[in-house]
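Colleague: Okay, handing you the structure first.
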Amino acid sequence: MVSEERRQEVLKSLSEGVVEYREDQVKDSANAALEEGMDAYDAIMNGLAAGMEIVGDLYDRQEYFVPEILMCADALYAGLDILKPHLKTASDSGARGQVVIGTVQGDVHDIGKNLIKMMFDVGGFTVHDLGRDVPLEKFAEEQLRTDAEIVALSAMMTTTMMGMKKVIHMIKEKNPDVAIMLGGAPVTRDVAKLFGADGYAESAGNAVQEAIKMIGQLRKLDQAGMPAK
Amino acid sequence: MAAMTPRERVQKFFRREPVDAMPVFSGMGLVTIQAINKMGIRFAQVHGSADYLARSAMTSADLFGFDSVIVPYDMCTMAEAMGRGVTVYENAEGVLYPTVPDKWTSLDDVKLEEGWIDKARMPKVEEAFKILLKEANGKYAVGAWVLGPFTLGGQVIELDLLLKGAARDRARVEAFMDKMTDAVIDVAKRYQALGVDYMNVREMGSGTDLLSPRMWKQLIQPYLKRIFDELKSPKILHICGGTDLIVDLMNDCGADALSFDQKNNLVETRKKIGNDVILLGNFDPWDTLCQKEAADVPAVMKACIDAGVDAVWPGCDIWPEVKPENVAAWVNTVREYGKKPSPAVGRI
């Protein structure tokens, strides 16, 4: 077992590597964590995800903008790719739930969608990424196929946002318990409410803020020894 | 005194000469589904025909009393001509704008072939302008727009490559931005040579939702300055999303007018730019024209005018499926409430 002092050192290096978008540092620290017997889930949540929480604070303070967040996300994935195959328990590796995610037909912008996907990846969800410019009926089909609890839809432009309403209707008609999240620049609280969605984020930056808040909640629940789901 | 024609009104407006009333127009799409339906076509058909483009613009202006017509409606014409293709969603229900399906996957792949400017739908857009200038001449002002180089770049290459490259791969990103800037200048000059009445440069993807003011100054401003140096007046700079932090930087680019969407604090912006710059904005087109009750529209227009705009512009293309009574409320309110002088433009 790794000492507490060493554990903290590795976690700090993972976190700093994400914040400073140093992919090599994150890879080295993730490999060190595994070689030295650290728990992969601990390294993800208290190293990588903790770093992303700091990134969220920097975004709030307008020190970081989307380009920096994208580079931080690259660093986070560099670590996640190494650590994720080593998650030990079912609850660590995907039993939190499933999510279907994609950018609606007519929209080929996917930065916000990819940031939200990152949040689900970090949080231990099984993510079914449909990509971008996704025909509306595909969301409903994929939700039915996978029985996913969450469907996350993204549209960057007003001109494609209207498609979201149709998707929500298609899904809720068949399965009213599915939680539907909307994201994208034109999406406001009023639009989400009008369309019958369960949550929203209005830009790539806000998406990551929302994502980071959710990761923070998961970390707190884990630290309190409570079931995360 | 005889009323001005819409074209005279818009031309004088941009010269900052007194006008009879605030013009009702835009530098972005003004096509309505009512015009499309009246022509008996589907929205997906309009983008590929010079005649449909011109007629739908004129029919929209005829139906609702706009002072201008403007084409094209989609943001793919240049990217398509550069070889990136276009998806028009011919079988989609309702209104869906074309998109670019095939982006270059690295900065190294970006090559503009000789003669790209005459490929795909580019000649059709030019033909549409010629029809408009001939048939709407003297009646409506004819507006044109181009994407800014960063936004055009996002149409032809993955945006995250550009955003991350700005920090990690500056020299190659600058070379790419130079290419896009040359392309924007070439196209805008062609439209200006045809005789359009105003040119709107829409650097819509560059707001502070994405970029820091510092990065905007380094990655966006130098290229916009070069564009506005090369273009004739009247020339407008429009940016969507977060703009409050970059108003001064935008104002230094050399445009005659600045246009903002509904996220901008116009009162503060007017203080920053003074009364010598034409300010345009900034109602939420989808909410105002498609969602609100018509009775609530005048308050939106009056709020824009009270905040200090010289003309009330939508923050983006209007969503074609407008409520006709809301558009009428927009036009009527601006005509009436806009009789008084605005900060940069007087009245006769």
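Results for (1) aliphatic (A, V, I, L, M); (2) away from chain A (no Cβ under 14 Å), shown as yes or no for each residue.
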| site | (1), (2) |
| --- | --- |
| B:Pro98 | no, no |
| B:Trp116 | no, yes |
| B:Pro123 | no, yes |
| B:Glu126 | no, yes |
| B:Gly154 | no, no |
| B:Leu159 | yes, no |
| B:Gly165 | no, no |
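Colleague: Output the number of residues of segment A:139-176 satisfying the condition of being under 21 Å from the mean Cα position of the chain (by Cα) and charged (D, E, K, R).
Modeller: 3
Colleague: Test B:Thr77 against the criterion of being under 25 Å from B:Thr181 (Cα atoms), of a type outside the set (Gly, Ala, Ser), out of contact with any Ser or Thr (no Cβ under 9 Å at 6 or more places or on another chain) and surrounded by fewer than 17 Cβ atoms within 10 Å (Cβ to Cβ), and give yes or no.
Modeller: Answer is no for this residue.
Colleague: Name the one entry in B:Phe260, B:Phe150 that is among the aromatic types (Phe, Trp, Tyr) and more than 14 Å from chain A (Cβ to nearest Cβ). Give the steps one after another, and end with the answer.
Modeller: Numbers: B:Phe150 fails: more than 14 Å from chain A (Cβ to nearest Cβ).
Just a single option satisfies the conditions, and that option is B:Phe260.
Colleague: Residue check: is B:Val69 modelled with pLDDT of 95 or more and within 15 Å of the chain's Cα centre (by Cα)? I'd like the intermediate steps shown before the answer.
Modeller: Details: modelled with pLDDT of 95 or more: yes; within 15 Å of the chain's Cα centre (by Cα): yes.
Yes.
Colleague: Keeping to segment B:135-147, report how many residues are over 22 Å from B:Phe228 (Cα atoms) and either within 14 Å of chain A (Cβ to nearest Cβ) or modelled with pLDDT of 95 or more (or both).
Modeller: Result for segment B:135-147: 1.
Yes/no matrix, rows are residues, columns are (1) assigned to a loop (DSSP other than H, G, I, E, B); (2) small (Gly, Ala, Ser):
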{"position": "B:Val10", "(1), (2)": "no, no"}
{"position": "B:Phe14", "(1), (2)": "no, no"}
{"position": "B:Val24", "(1), (2)": "yes, no"}
{"position": "B:Leu30", "(1), (2)": "yes, no"}
{"position": "B:Ala35", "(1), (2)": "no, yes"}
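Colleague: Quick check: anything in segment A:52-59 among the hydrophobic types (A, V, I, L, M, F, W, C), surrounded by 20 or more Cβ atoms within 10 Å (Cβ to Cβ) and within 11 Å of chain B (Cβ to nearest Cβ)?
Modeller: no
Colleague: Turning to a different aspect of this structure: Based on what the data block shows, is B:Val334 β-branched (Val, Ile, Thr) and assigned to a helix (DSSP H, G or I)?
Modeller: Here the answer is yes, as B:Val334 does meet what is asked.
The values are calculated or read from the model by the stated rules, or taken from the named source; none is laboratory data. Source: prediction; values computed, not measured. When we count neighbours, we look across all protein chains shown, and the Cβ atoms used for this are built from the backbone with ideal geometry, even at glycine.
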